[in-house]
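Heads up, the thing below is written out as structure tokens.
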Amino acid sequence: AVVSTQSTGDVLSKGHSNCEKWWWTNILYINNFVPWNKIEICVGQSWYLSNDFQFFVFAPAFIWLLYKSPRTGVSVTLVTLACSCVAAGVITYGYDLGPTTVFDPNAANFTDFKLLYDKPWIRCPPYLIGILGGWFCFKNLDSLNLYISRLGFITKMLLSAVLWLTTCTVQYLVVFGLHNDMLKKTQGEKLTLSESVLYETFARSAWGIALLIQIIICQCGLGGVINKVLSWRGWIVLSRLTFGVYLLHFIIIQSFIVQLRHPFFYKPDFEIAILYIGFLGMSYMAAALLYTMVEQPLIFVERMTYRR
């Protein structure tokens, strides 16, 4: 079984106990470090908010280097990126971890989570790639657009098709490449250590690079229908709810798990798809209520305060 049944009381009492002891780590955005040797996070999903804040704090140093000395800035950013990838691979190899937490043979002790999953030096590659990508677009996007505009129609179509196919394949493999291995895990099998190291070393960077290339493709006029879909104004409305979705989705999933009366397996795929769509829809509805009743009124009060 991938998920076992839990009582509602166990889940609620554990969450309450964690927040009694460690609420202050959320305020300081250090709950991905404190406590160091165990997983007792107040609001379980908030560990990434700490990562995001820590990235935001250190990002200006990389941006300043890119502005003052591009060569030095690019070198320092790439070296930091490489060190992060190597660290993920070395830790995975040294502790015999599986790729992602669900494959961790020591999952009961959250070894993968404590050493890899919530640490900023492991999570930073996509953020660093984004910084480099922003700098590249700022410096070279006009000249790149000019170069592409001079290409023939067939060449543009071939280039666009190859880039989209390649990047989408990479993203598919990062997200779904472990699917069959997940099914094997339910039967007591596990990935080889070399496969685990390979995935942990390159997965995050591969996703970030693929996404960056797709953004540049759209900016250069090679996005076609995909760019039109991604430019749909309706995404603006949904984007305002994403923070609420992030905060609430875990609660909704937990509510489902604590009501299970049987172990839950990642099979069949259709059942997982139905659950995913249900969780997504309920998360957005809950986020819409949170935005309407809490976030928007507070924004209104804030604007009125600043006007005075």
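The values are calculated or read from the model by the stated rules, or taken from the named source; none is laboratory data. Computed from a prediction, not measured in an experiment: that's the story for all the values here. Using ideal geometry, Cβ is built from the backbone for each residue, glycine included, and neighbour counts are taken over all protein chains shown. Note: accessible area is taken over every heavy atom of the protein model, side chains too, but ligands, DNA and RNA are not part of it. Shrake-Rupley method; radii C 1.70, N 1.55, O 1.52, S 1.80 Å.
Below is a table of values for the structure above.
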{"read-out": "Approximate shape of the chain as ellipsoid semi-axes (Cα gyration tensor, √5λ), whole Å, largest first", "value": "34, 26, 23"}
{"read-out": "Nearest 10 degrees, 0 to 90: helix 8-27 Cα axis against the chain principal axis", "value": "50"}
{"read-out": "Between helix 70-94 and the chain: long-axis angle, C-alpha atoms, 0 to 90°, nearest 10", "value": "30"}
{"read-out": "Leu260, Leu198, Leu248, ranked by accessible area, largest first (probe 1.4 Å)", "value": "Leu198, Leu248, Leu260"}
{"read-out": "Heavy-atom accessible surface of region 139-281: percent carbon and sulfur, 1.4 Å", "value": "70"}
{"read-out": "Structure-based [θ]222 nm, the chain - -39500 (n - 2.57) summed over DSSP H runs of at least 4, per residue, nearest 500", "value": "-23500 deg cm²/dmol"}
{"read-out": "Magnitude of the charge dipole, the chain, Cβ model with Lys/Arg +1 and Asp/Glu -1, debye to 20", "value": "920"}
{"read-out": "For the chain, accessible area per residue (1.4 Å probe, heavy atoms of protein chains only), Å²", "value": "63"}
{"read-out": "Rounded tilt (10° steps) of 125-149 against the dominant C-alpha axis of the chain", "value": "30"}
{"read-out": "Solvent-accessible area of Met157 with every protein chain in place, 1.4 Å probe, in Å² to the nearest 10", "value": "100"}
{"read-out": "Cysteines in the chain lacking a second Cys C-beta under 4.7 Å", "value": "Cys83, Cys85, Cys124, Cys137, Cys168, Cys218, Cys220"}
{"read-out": "Carbon plus sulfur fraction of accessible area for region 28-82, probe 1.4 Å, in percent", "value": "72"}
{"read-out": "Alpha-carbon spread of region 202-308, three principal axes, descending order, Å", "value": "55, 43, 27"}
{"read-out": "Ranked order, Arg261, Arg240, Arg123 - accessible area, probe 1.4 Å, largest first", "value": "Arg261, Arg240, Arg123"}
{"read-out": "Distance (nanometres) between label positions extended 7 Å along Cα→Cβ at Glu271 and Val229", "value": "2.9"}
{"read-out": "Cleavage-rule hits, chymotrypsin sites (Phe, Trp or Tyr not before Pro), region 25-96, DSSP coil, Cβ neighbours within 10 Å at most 12", "value": "Trp36"}
{"read-out": "Cα gyration tensor shape of region 163-258, rounded if a/c is under 1.5, else prolate or oblate by comparing a/b with b/c", "value": "oblate"}
